[in-house]
Amino acid sequence: MAMVEKSAPSKLRWGELEEEDGEDLDFLLPPKQVIGPDESGVKRVIEYKFNEDGNKVKITTTSRVRKLANARLSRKAVERRSWAKFGDGVHEDVGARLTMVSTEEIRLERPKAPAGSKEEESKTAGDTLSQLNKNTFLMLCRTCGKKGDHWTSRCPYKDLATQAESSFPDSVKPAASEAAGKEAAAAAAKAAYVPPSMRANADRSSVVGSDMRRRNEENSVRVTNLSEDTREEDLRELFNPFGPVSRVYVAMDQKTGVSRGFGFVNFVSREDGERAIRKLNGYGYDNLILRLEWATPRKTN
Amino acid sequence: MRPILMKGHERPLTFLKYNREGDLLFSCAKDHTPTVWFADDGERLGTYRGHNGAVWSCDVSRDSTRLITASADQTAKLWNVQTGEQLHTFNFDSPARSVDFSVGDNLAVITTDPFMAFTSAIHVKRIASDPSEQTGDSVLVLKGPQGRINRAVWGPLNRTIISAGEDSIIRRWDTETGKLLQESEPEVGHTKQITSLAKSSDGSHFVTGSLDKSAKLWDIRDLSLIKTYVTERPVNAVTMSPLLDHVVLGGGQDASSVTTTDHRAGKFEAKFFDKVLQEEIGGVKGHFGPINALAFNPDGKSFSSGGEDGYVRLHHFDPDYFSIKI
């Protein structure tokens with residue numbers, strides 16, 4: 001972030017400037033400015049110096065000041081903090097940047113999930129899945145349209161996919177059967193691409209599995225007045241008891257990485273969301289009182 | 001966590017050391033200037049200029065006033081920590097490899113490499129409280145082990161010195177008589193060169209890392225093997241958390257083969273192991289080369305690693321690190 005400005009001699013004439021050869025002209029430079037840090041910790045340091053060509057260069061360094069783990073320091077350590085620099089540390093260049101904070105978030109990567117908990121996890125996942133199959137059709141085969149029996153990739157009728165419409169018409173579409181006949185004929189007639197949701201065997205009443213973007217807004221609960229420390233994992237932990245959660249999102253400030261205090265939780269079933277809103281609206285969480293409501297769908301233009 | 005990257009060295013790092021309070025971090029590298037950093041934000045405080053060779057090791061006194069460094073220029077130097085001024089130079093006939101202050105900082109053990117006609121040796125020097133009275137005489141010189149001695153540290157109450165090196169045997173020496181008291185059992189010990197040795201914060205046990213791709217935990221009093229941590233790459237650096245039962249191993253493939261293989265094959269991670277269960281907890285990635293040095297902050301809340309890539313990476317742990325369960 002450097003930009004060159006034309007040198008503007010204020011009280012000296014250019015002739016004198018040439019003679020001194022730019023060596024001792026530092027007094028001409030505006031003083032170093034430090035702006036901030038503001039409430040989000042963004043600090044801006046503006047320095048001026050002459051480059052080799054004698055042009056005045058303005059160097060703006062924007063950095064973010066973060067408070068690190070609050071450690072208790074001994075008196076000696078505090079004293080040492082104000083020690084004068086020595087050795088090569090004395091004349092550190094403006095742009096040297098010996099110390100940088102990694103832009104990459106590094107995690108302690110676990111080698112593998114502990115064996116016990118993983119088993120448990122997959123078991124509970126299986127449970128909720130089988131439970132779901134009774135009333136909602138999360139598992140919908142896009143090849144043959146069978147609900148709650150198998151995933152698309154495991155469809156036993158995969159090879160018959162082209163004939164599917166005619167060979168299993170009645171078994172696969174109990175809900176939209178009369179509209180289906182008409183559209184199946186239409187689909188056979190034109191070879192053009194038909195989006196899955198528009199296909200004959202698609203169940204229009206349930207958008208689950210048909211449209212990724214719309215599914216994200218399904219049963220979305222907006223959670224506001226979250227504390228800054230609340231992470232997505234915390235929200236997941238908080239909402240999991242109410243039923244399967246398909247998405248958790250906490251809004252973060254892009255510049256500072258601090259939570260903006262609201263988030264969204266999507267439930268697989270609406271009843272669970274309803275229950276969560278009833279229970280957790282007004283719930284005290286991290287010294288703040290949560291506010292929950294159904295998210296208003298994003299406006300699409 | 002977002003590690004702090006410190007690029008003060010132009011050559012591979014060799015050693016890292018925190019002072020007692022954990023507010024200063026000393027780094028040694030193959031370039032000739034040991035550097036001191038503030039351990040909280042990674043700001044450079046200063047450099048110690050004067051060595052004329054790679055600096056292999058350093059130690060800082062308990063009150064953080066003196067620094068001692070061992071260098072390949074066949075000297076060990078005493079420094080004023082605050083000003084970077086040289087207080088004394090110990091001259092040897094061969095490169096100095098490791099240094100360690102005794103409890104009380106009155107003595108220092110310095111190891112020297114085999115060089116030309118000289119064999120490797122362990123020197124014990126008296127450190128005067130007034131630097132003007134400092135002399136270069138050795139109180140004790142221990143000889144015997146074949147090959148380089150990579151690390152020598154003081155045992156409990158300064159009564160013993162523990163040494164480990166190229167011959168993969170750990171030795172315990174008497175500091176009064178200079179006699180060799182004990183050698184580690186070859187059946188349970190390392191099979192290849194021992195590269196690093198780190199004492200626990202209470203000094204009751206220590207961990208050694210070896211090129212045989214394992215690290216071992218030993219009792220400092222009788223050199224009995226307590227635990228073994230097996231990994232899949234040579235271990236160059238080891239350290240132990242003073243707070244939790246964690247052992248950290250650093251390493252990677254040989255520096256010479258780094259450029260010929262994919263970067264993922266190098267496994268330049270700091271590996272965390274559970275000290276008791278000997279199970280791997282996790283890895284911290286980031287270096288572009290093998291890790292040569294590791295150090296834990298005495299408060300146990302951060303650690304730093306130094307790599308062949310010339311970077312020191314200072315990691316402040318996230319809160320969830322402290323609640324990891326195996």
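The values are calculated or read from the model by the stated rules, or taken from the named source; none is laboratory data. Quick caveat, the model's predicted, so the values are computed rather than measured. Neighbour counts are summed over all protein chains in view; Cβ atoms, including those assigned to glycine, are modelled from backbone coordinates with ideal geometry.
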Options B:THR83, B:THR35; residue that is surrounded by fewer than 20 Cβ atoms within 10 Å (Cβ to Cβ) and at the interface with chain A (Cβ under 10 Å from one of its Cβ atoms): B:THR83
Top-ranked residue of the range B:1-17 - restricted to ones that are within 12 Å of another protein chain (Cβ to nearest Cβ) and surrounded by fewer than 23 Cβ atoms within 10 Å (Cβ to Cβ), ranked as modelled with the lowest pLDDT: B:MET1
Filter result (within 13 Å of another protein chain (Cβ to nearest Cβ), in a loop (DSSP other than H, G, I, E, B) and within 19 Å of the chain's Cα centre (by Cα)) within the range B:52-68: B:SER61, B:ARG62, B:SER64
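Residue-by-condition table, conditions (1) surrounded by fewer than 23 Cβ atoms within 10 Å (Cβ to Cβ); (2) out of contact with any Ser or Thr (no Cβ under 8 Å at 6 or more places or on another chain); (3) under 30 Å from B:ALA54 (Cβ atoms):
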position	(1), (2), (3)
B:ALA270	no, no, yes
B:GLU279	yes, yes, no
B:PRO290	no, yes, yes
B:GLU308	no, yes, yes
B:LEU314	no, no, yes
B:PRO319	yes, yes, no
So B:LEU78, is it away from chain A (no Cβ under 14 Å) and touching a His at 6+ places or on another chain (Cβ under 8 Å): yes
Index of the failed condition, B:LEU45 passing every other in (1) free of Cβ contacts under 8 Å to residues at least 24 places away in the same chain; (2) away from every other protein chain (no Cβ under 11 Å); (3) not in a loop (DSSP other than H, G, I, E, B): (2)
Test: residue in the range B:192-208 that is crowded, with 21+ Cβ neighbours inside 10 Å, over 24 Å from B:HIS123 (Cβ atoms) and under 14 Å from the mean Cα position of the chain (by Cα): yes
Residue in the range B:281-291 that is among the small types (Gly, Ala, Ser), in contact (Cβ under 8 Å) with a residue 24 or more places away in the chain, over 19 Å from B:GLU43 (Cα atoms) and more than 8 Å from every other protein chain (Cβ to nearest Cβ) present: yes
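For (1) crowded, with 20+ Cβ neighbours inside 10 Å; (2) within 20 Å of B:GLY203 (Cβ to Cβ), each residue gets a yes or a no:
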residue	(1), (2)
B:VAL60	yes, yes
B:LYS77	yes, no
B:SER94	no, no
B:ARG97	yes, no
B:PHE101	yes, yes
Residues that are surrounded by 20 or more Cβ atoms within 10 Å (Cβ to Cβ), assigned to a loop (DSSP other than H, G, I, E, B) and either touching a strand residue (DSSP E or B) at 6+ places or on another chain (Cβ under 7 Å) or more than 9 Å from chain A (Cβ to nearest Cβ) (or both), drawn from the range B:18-30: B:ASN19, B:ASP23
Odd one out for B:ALA117, checked against (1) surrounded by fewer than 22 Cβ atoms within 10 Å (Cβ to Cβ); (2) farther than 25 Å from B:VAL36 by Cβ; (3) in contact with a strand residue (DSSP E or B) (Cβ under 6 Å, 6 or more places away or on another chain): (3)
